[in-house]
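Taking it in order: structure first as structure tokens, then the write-up.
The values are calculated or read from the model by the stated rules, or taken from the named source; none is laboratory data. Treat the numbers as computed from the prediction; the structure is a model and nothing was measured. Methodologically, a virtual Cβ is constructed for each residue, glycine included, from the backbone with ideal geometry; neighbour enumeration extends over all protein chains shown. These area figures cover heavy atoms from the full protein model, side chains too; ligands, DNA and RNA do not enter into them. Shrake-Rupley method; radii C 1.70, N 1.55, O 1.52, S 1.80 Å.
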Amino acid sequence: MHEINLFCFGFGQVAKNFINNLIKNKIKINLITTSRQKTGEYNYLNLNYINFNFHEKSFDQNLIKEIDKFSHILISTPPINSKDLFLELLNSNYNLLNKSKWITYLSSTSVYGDHKGAWVDEDSKLFPNSKKGRIRLKIENRWKILSKYYPIQIFRLAGIYSKEQNLITSIKKNNSRIIKKKDHKFSRVHLEDISGFLLNSLENFKSGEIYNIADDKPISNEEVLNEILDKYALKPPVIIDYENLEDSTLKEFYLVSKKVKNNKAKDFFNYKLIYPTIREGLNLL
């Protein structure tokens, strides 16, 4: 593949890193995006593209005229007020997808809910016990129905971190809290590995499939804390016992415990993780 017509619905860290990966692999990109920025021509990594202003309540109507020209679509925006804005846009415009060859919806492993620390895979039961997880599952189900008619795959992303945003940078900014809860491990995935899976899926695609995008070894922040402090000579962050948490969002997160298997994605896309665990991702090894 030497050229791609790509529409990014949402242009955050995942979409931008994907663009970076395409450029590194010498793939020519014709790109349009949506964001809260005003409609106009922009440049990213020397790539000229057009962004269309898009808000929950209003968007640049010229976008509709452009979508069906793009064969590849990445939907990376999270739900807003319980709705997937791209699905809302499609409600009366499904013909916009008629020329699509590749549509990827980025979901979340929050759809699994609490599995008491057990491993989960794409066939595991789904009983999300957070509002965000329930919304994600509802939206996933709509995308699964559409995948009977259009080329759609779903990536369930674990907790994302990157070189710019991770536990080390949080500790350095003095805004990190380590939650102490016995045996609570959770899955993550490095931003570069997400774009690696996306890249490999361009030529290895099966509609209607769901893939967990996670690293190999769930680890708690508490497990790697001393390694981080020793290597980077940092001041220890505040450590809070789970039982004393007052933040309802954090408490909801730590209430859920599961470990996410990634075998299906690695096998199907023939992908080797750049960062198999957070230790590689944080350069602790």
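Quick one: residue 30 ticks every box in (1) touching a residue at least 40 places away in the same chain (Cβ under 8 Å); (2) closer than 20 Å to residue 106 by Cβ bar one, so which box is it?
Going through the list (1) touching a residue at least 40 places away in the same chain (Cβ under 8 Å); (2) closer than 20 Å to residue 106 by Cβ, residue 30 breaks only (2).
Looking at this structure, is residue 85 among the hydrophobic types (A, V, I, L, M, F, W, C), surrounded by 19 or more Cβ atoms within 10 Å (Cβ to Cβ) and more than 17 Å from residue 6 (Cα to Cα)?
Values: among the hydrophobic types (A, V, I, L, M, F, W, C): yes; surrounded by 19 or more Cβ atoms within 10 Å (Cβ to Cβ): yes; more than 17 Å from residue 6 (Cα to Cα): yes.
Yes; evaluated as a whole, the condition is true for this residue.
Here's the yes/no breakdown for (1) of a type in the set (Val, Ile, Thr); (2) part of a strand (DSSP E or B); (3) touching a residue at least 60 places away in the same chain (Cβ under 8 Å):
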position: 4; (1), (2), (3): yes, yes, yes
position: 16; (1), (2), (3): no, no, no
position: 23; (1), (2), (3): yes, no, no
position: 43; (1), (2), (3): no, yes, no
position: 57; (1), (2), (3): no, no, no
position: 88; (1), (2), (3): no, no, no
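Read through the list (1) free of Cβ contacts under 8 Å to residues at least 40 places away in the same chain; (2) of a type in the set (Lys, Arg); (3) at positive phi, then give the number of the only condition that residue 116 fails.
Looking at each condition in turn, residue 116 falls short on (1).
Within region 231-285, take every residue that is of a type in the set (D, E, K, R) and assigned to a loop (DSSP other than H, G, I, E, B) and give me the one that is least open to solvent (accessible area, probe 1.4 Å).
At the first step, the residues of region 231-285 found to be of a type in the set (D, E, K, R) are 231, 235, 241, 243, 246-247, 251-252, 258-259, 261, 264, 266-267, 272, 279-280.
Subset that is assigned to a loop (DSSP other than H, G, I, E, B): 235, 246-247, 258, 261, 272.
Numbers: 235: 154, 246: 170, 247: 57, 258: 32, 261: 81, 272: 173 Å².
By that ranking, first place goes to 258.
Within region 111-136, how many residues turn out to be open to solvent by less than 30 Å² (accessible area, probe 1.4 Å), touching a helix residue (DSSP H, G or I) at 6+ places or on another chain (Cβ under 7 Å) and part of a helix (DSSP H, G or I)?
So the count comes out to 2.
Here are some conditions: (1) out of contact with any strand residue (DSSP E or B) (no Cβ under 8 Å at 6 or more places or on another chain); (2) exposed (fewer than 14 other Cβ atoms within 10 Å of the Cβ); (3) more than 24 Å from residue 156 (Cα to Cα). Residue 68 meets all but one. Which one does it not meet?
(2)
Can you spot a residue in region 249-257 that is under 30 Å from residue 4 (Cβ atoms) and touching a residue at least 12 places away in the same chain (Cβ under 8 Å)?
Taking region 249-257 as the starting set, the residues that turn out to be under 30 Å from residue 4 (Cβ atoms) are none.
Checking region 249-257: not a single residue is under 30 Å from residue 4 (Cβ atoms) and touching a residue at least 12 places away in the same chain (Cβ under 8 Å).
Out of the residues in region 3-29 meeting the condition of being under 15 Å from residue 102 (Cα atoms) and open to solvent by 10 Å² or more (accessible area, probe 1.4 Å), tell me which one is farthest from the chain's Cα centre (by Cα).
Among those residues, the one meeting the criterion is 3.
Quick check on my filter: what residues within region 198-231 are of a type in the set (S, T, N, Q) and touching a residue at least 12 places away in the same chain (Cβ under 8 Å)? Can you show your working first?
So in region 198-231, the residues of a type in the set (S, T, N, Q) come out as 200-201, 204, 207, 212, 220-221, 226.
Listed by number, the residues that qualify are 200, 201, 204, 207, 212, 220, 221.
Does residue 106 meet the test of being within 30 Å of residue 254 (Cβ to Cβ) and either touching a strand residue (DSSP E or B) at 6+ places or on another chain (Cβ under 6 Å) or modelled with pLDDT of 95 or more (or both)?
Answer is yes for this residue.
On the given criteria, is residue 95 in contact (Cβ under 8 Å) with a residue 12 or more places away in the chain, in a loop (DSSP other than H, G, I, E, B) and open to solvent by 50 Å² or more (accessible area, probe 1.4 Å)? Step through it out loud before you land on a result.
Numbers: in contact (Cβ under 8 Å) with a residue 12 or more places away in the chain: yes; in a loop (DSSP other than H, G, I, E, B): no; open to solvent by 50 Å² or more (accessible area, probe 1.4 Å): yes.
No, not satisfied.
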